[in-house]
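Reviewing the structure listed below.
Coordinate-derived values only; no laboratory data. No experiment lies behind these values; they were computed from the predicted model shown. For neighbour counting, all protein chains shown are included, and Cβ atoms are generated from backbone atoms with ideal geometry for every residue, glycine included.
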Amino acid sequence: MKTAGIIAEYNPFHKGHEYQIRYTKEKLKADYVIVAMSGDYVQRGTPALISKHTRAEMALRCGADLVLEMPVSISTASAEAFAMGGVSLLDSLGIVDILCFGSESGEISALKELAEILVEEPEEYKKLLKSFLSEGLTFPAARSQALTEYFKNPRNFNGDDFDGVLTPLLNEVTQILNTPNNILGIEYCKALLRLNSKIRPVTIRREGMGYHESILPVRGKDTEALSQTLQSPTDSFASATAIRNLILQDPSDPDVLASQIPGQAFPVFQKAVNSGEFLTENSLDSILSYCLMKENVKSLSSYMDVSDDLARRIINQQNLLLSFSQSVSVLKTRELTQTRIQRALLHIILNIHTAPTQIPFARVLGFRKESSELLSQIKKHSRIPLITKLADAQKLLDSEGNQIISETVFSSNLYEKLLCLKTGRKFCHQSQKQIIII
């Protein structure tokens, strides 16, 4: 049995994600695909557009065999912690053979080379990083500059390695580290190295729209064919950002949405959108204002991703902070990226102070009936408990595990409450949510 893992947000699930699952099964010959998916909040520091159960169902209908939830403190963490959490979850199952992820590079060797340097942290690299950070660069920018300078110096390498492998990589370093999926891919490789995992990383080139591109492509004649045949993605594939923007601007345009969401998943997606079952960051406006009113510099500094400088800035600018997105604009500086601030504000709202280095349980969101053998193998080989009912968590987990799952349950109940306030439907506690079975 060959099993592949995918770490994803599916915010929302679209045709590019379907392509990755099909590629993993058809080209990489995986018998099963396990997805470690973000829950109701995502790494950019906002609520997911639609709920985790809806997104899990979309993935299962399009070929995923099992969807596991990553805890909220992991799914809203930095790229490094997000990757380590997802990789540790898949590694702990004891049956995952390959990790498949998309990247702009499409070359696993380059990503692995960079990951090895970042894990080993040679002294010269650390000096360069410290120097660029002292100049006021953000960490991502300082790391990119430090790696570029490090690779320029032949003394840091064996001569043959430098000429044969690292010289070509030098030309790619800046480009690789300026693209979000490459960065996450490097973090996956770092996590695998640190865990000494037997899982083999495999990357497929991300083509079509860039991660942050926000305007949907014009529907072309190739779009329909791509849903039937396994070929390279084209510009017809939209980014999740573009799909989210379309829903916020014109959720009533089913034809355009249908061109970007896989056919088997579209009815599930359309039902959620048509019923108003979706959230944005500004769904948190009133809650953010309330939470900030209770805080001071010392208490703010205890939340994850809130530095002392950001805590002081929040208190000093408090009279100017209105909505969630407007607060991010007010607080943003050269040193603090928009995403970092969004994560910080979300952690204040959700009362998140730390993230575990590894996920100590595997919580099931859904699975395919035909994949029952997969569940049997996990139960046989997994080093962590498989949670299918919240009621079982207390007896299966230690105090740390129960704390992690309690944070996630609270956060998802808040998400559910916001949906209920928006749509007027009845509240359903997390303990009453049913696992999705396809």
Find out how many positive minus negative residues lie around residue 364, taking Lys and Arg as positive, Asp and Glu as negative, among other residues whose Cβ is under 10 Å from that of residue 364. +1
In debye, nearest 20, what is the charge dipole magnitude of the chain about its Cα centre with +1 on Lys and Arg Cβ and -1 on Asp and Glu Cβ, if you could check? 1100 debye
Kirkwood Rh, Cα atoms: Rg over Rh of segment 48-118: 0.99
With every atom except the alpha carbons ignored, what do you get for Rg and Dmax of segment 1-106, in angstroms? 12.8, 37
Pick from 421, 350, 128: which residue has the top mean-square fluctuation in a GNM of the chain where Cα pairs under 10 Å get a spring? 421
Among the listed pairs 52/433; 271/422; 294/417; 52/417; 112/198; 25/379, give every one whose C-alpha distance is greater than 18 Å. 294/417; 25/379
Å³ per residue enclosed by the Cα convex hull of segment 106-160: 87 Å³
Rg/Rh (Cα only; Kirkwood hydrodynamic radius) as it applies to segment 295-438: 1.06
For all pairs of alpha-carbon atoms in the chain, what percent lies in each bin of width 10 Å, listed from the first bin to the last filled one? 4, 20, 31, 28, 14, 2, 0
